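To keep things clear, I will list the structure first and then write my remarks on it.
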Amino acid sequence: MEYYAGKSAFQGIAIGKITELKKKDNQVRRNRITDIDMEKNRFKNAQTEAMEQLSKLYERALKEVGETNAMIFDIHRMMLEDEDYIESILNIIETQQVNAEYAVAATSDNFSQMFASMEDEYMRERAADVKDISERVIKILKGTDTSADILSEPTVIVADDLAPSETVQLDKSKVLAFVTRKGSTNSHTAILARTMNIPAIVNTPIPQNVHGKTIIVNGFDGKVIIEPNENEIKECTILIEKEEQKQKLLRELKGKPTITKSGKSIKLYANIGGVSDIGAVLQNDAEGIGLFRSEFLYLQEQDYPTEEKQFQVYKQVAEMMAGKKVIIRTLDIGADKQIDYFNLDKEENPALGFRAVRICLSRENIFKTQLRALMRAAVYGNISIMIPMIISVWEVKKVKEIIKEIKEELSESKIPFKDVELGIMIETPAAVMIAEELGAEVDFFSIGTNDLTQYTLAIDRQNTKLDMFYDAHHPAVLKMIEMIIQAAHKNGIWAGICGELGADIELTQKFVDMGIDELSVSPAMVLPVRKKIREC
Ligand code: PEP
Ligand code: MG
């Protein structure tokens, strides 16, 4: 047995023989040519054929993995038509009097190096795309284009890395799992694997030449076992059976409404930390995003993210969700989420300290930058803003004042923006007690049960020593949830739960009985919660 750990790109368990995909000989020779026009034409014909292949791949991907994921082939088509790219190839053929294969390979190296050295992560990932389109053209020029490898029986694909075009060309019914030695969890291949619902692990230090060996792939913890022993195989088979039963049930629920037996419809949204989670949101059929923890955007940076940078991220999320609700929570740092460049003082009790809306209302310029970006991005979809850690009515009034100012500034500068719904998180006992007054000021409540439990039970959510005292189902918390829902309804607004308790299916019936309107859970919990609600 050999054990290797990589990074899970998609969950699931598989066992099977390895098909090791190796890069074909893509060596390109530099040959002198005499007929420049003929060589240029050879390139143009190959380019046209590559475009046709990409159109077919797009159509195939559209059917198998949906529009968002098929887009990569559209991007490839656009890249193949890029003037700079084409000009560079034709120029190399002409000035160096060399074969088209060489000109494409040289251009591919130059462009991919350029992309790889860029600061922006998205642009860096385009380096692999330039190589992919160039290899396609070279294969056509060399006449070695064999299209997809035919897999005769279901196997686990092991490769150094997989280009999106290679991934989608594989017969999905014959692929048990993907394991790559390189690759990031955000690569398009990983995204495709997620959408194809195939377990995938990237960045795994598997040695070369493993073709034909047996492998267990555990996409839940990112581990693989090569040549497992009998016990490991038995355990794995049991897990696969259980998983298959679960998946079958859940597949039946995709596209079904989230509605109780008595006909009450509940909004079922997903929680995300960034754009990279949206694949999972769509895959699990969430009806919207109920909590986008925007502070992760700040946590990834070395300095305050600019209005433009934030605008681009919020716009992308709004566009990808295509008109579905996207609730973006404003910055919630402090407590357990510290960021150096905020230069916050060390505090005795950080959870009771300078955090979330308290920072935003004290350092208004940071808050205004975020709100401006949010209101501008709202033009591109269905964005709502949600404020965390509210304890007083004046805080909400102050936030509304700032939003009003921003609207005036944007209007004056003729910058497009859209008015958005404003909600607050109810996650402090103070907010629960004055929920009726707060409800008169906002469009919705979302209950942050993680903090609400911490503050109600006086138990630090980080302190594992207090586990025996911590009761997630404490009657005090449940009573508070009921009070919040009633206060919301008295004000004619909706109330949901976006804390972890929202995904606790032991409580779903209780929440439905209390009159909950929305639940926002991690993407993987969307379908299990839908199943439970439909049984309520
Ligand atoms: C909560 O407190 O329940 C919540 C959803 O917010 P966070 O976990 O980010 O504090
Ligand atoms: Mg919270």
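The values are calculated or read from the model by the stated rules, or taken from the named source; none is laboratory data. What you are looking at is a predicted structure, and each value in this text was computed from that prediction instead of being measured. Here Cβ is always computed from backbone atoms with ideal geometry, including for glycine, and neighbour counts include all displayed protein chains. Surface accessibility is based on the protein's heavy atoms, side chains included, excluding ligands, DNA and RNA. Shrake-Rupley method; radii C 1.70, N 1.55, O 1.52, S 1.80 Å.
Miscellaneous remarks
- Cα centre as origin, Lys/Arg/Asp/Glu Cβ charges: the chain dipole, Debye: 1040 debye
- Efficiency of FRET from Cβ geometry, residue 479 and residue 505, R₀ 22 Å, rounded to 0.05: 0.60
- Fraction of accessible area attributable to carbon and sulfur, region 423-536 (%, probe 1.4 Å): 52 percent
- Ranking 435, 411, 394 by how far each Cα lies toward the positive end of the dipole of region 392-445 (charges on Cβ) leaves 411 at the top.
- Computed about its Cα centre, the charge dipole of region 385-453 is approximately 140 debye, with only Lys, Arg, Asp and Glu carrying charge at their Cβ.
- Summarising the overall dimensions of the chain from its C-alpha atoms, the Rg and Dmax are 26.6, 86 angstrom.
- What the Cβ-Cβ distance of residue 169 and residue 464 gives, at R0 = 60 Å and to the nearest 0.05, is a FRET efficiency of 0.80.
- Loop trypsin sites (Lys or Arg not before Pro), region 389-483 (other Cβ atoms within 10 Å of the site Cβ: 11 or fewer; DSSP): 414
- Only Lys, Arg, Asp and Glu carry charge here, each on its Cβ (+1 for the first two, -1 for the last two); on that basis region 253-535 has a dipole of about 920 debye about its Cα centre.
- Region 36-142 - percent of accessible surface contributed by carbon and sulfur, probe 1.4 Å: 47 percent
- Taken one residue at a time, the phi angles of region 523-534 give Karplus couplings (6.51, -1.76, 1.60, θ = phi - 60°) of x, 5, 9, 4, 5, x, 6, 4, 4, 5, 4, 5 Hz. Gly and Pro are set to x.
- Sites listed here are GluC sites (Glu not before Pro) in region 293-340 whose DSSP assignment is loop and whose Cβ has at most 14 other Cβ atoms within 10 Å: 301.
- Computed on region 253-535, the Cα convex hull volume stands at 127 Å³ per residue.
- Å² per residue, accessible surface of region 36-142 at 1.4 Å: 51 Å²
- Here the 3J(HN,Hα) profile of region 414-428, calculated from phi with Karplus coefficients 6.51, -1.76 and 1.60 at θ = phi - 60°, is 6, 8, x, 8, 10, 5, 10, 6, 10, x, 10, 8, 9, 9, 10 Hz, Gly and Pro shown as x.
- Evaluating 6.51 cos²θ - 1.76 cosθ + 1.60 at θ = phi - 60° for every residue in region 86-99, the Karplus couplings come out as 5, 4, 4, 5, 5, 5, 5, 4, 6, 6, 9, 6, 10, 5 Hz, glycine and proline recorded as x.
- Normalised by 2.2 N^0.38 Å, with N the number of residues, the alpha-carbon radius of gyration of region 419-536 equals 1.05.
- Positive-end residue of 522, 354, 265, charge dipole of the chain with Cβ unit charges: 265
- Extension gain from residue 22 to residue 124, taking 0.36 nm per residue of separation minus the Cα-Cα distance: 34.4 nm
- In plain terms, the bigger the Kirkwood radius, the slower the diffusion; for region 36-142, with that radius from Cα pairs, at 25 °C and 0.890 mPa s, Stokes-Einstein puts D at 173 µm²/s.
- Take region 253-535 with all the other protein chains still there, run a 1.4 Å probe, and you get 43 Å² of accessible area per residue.
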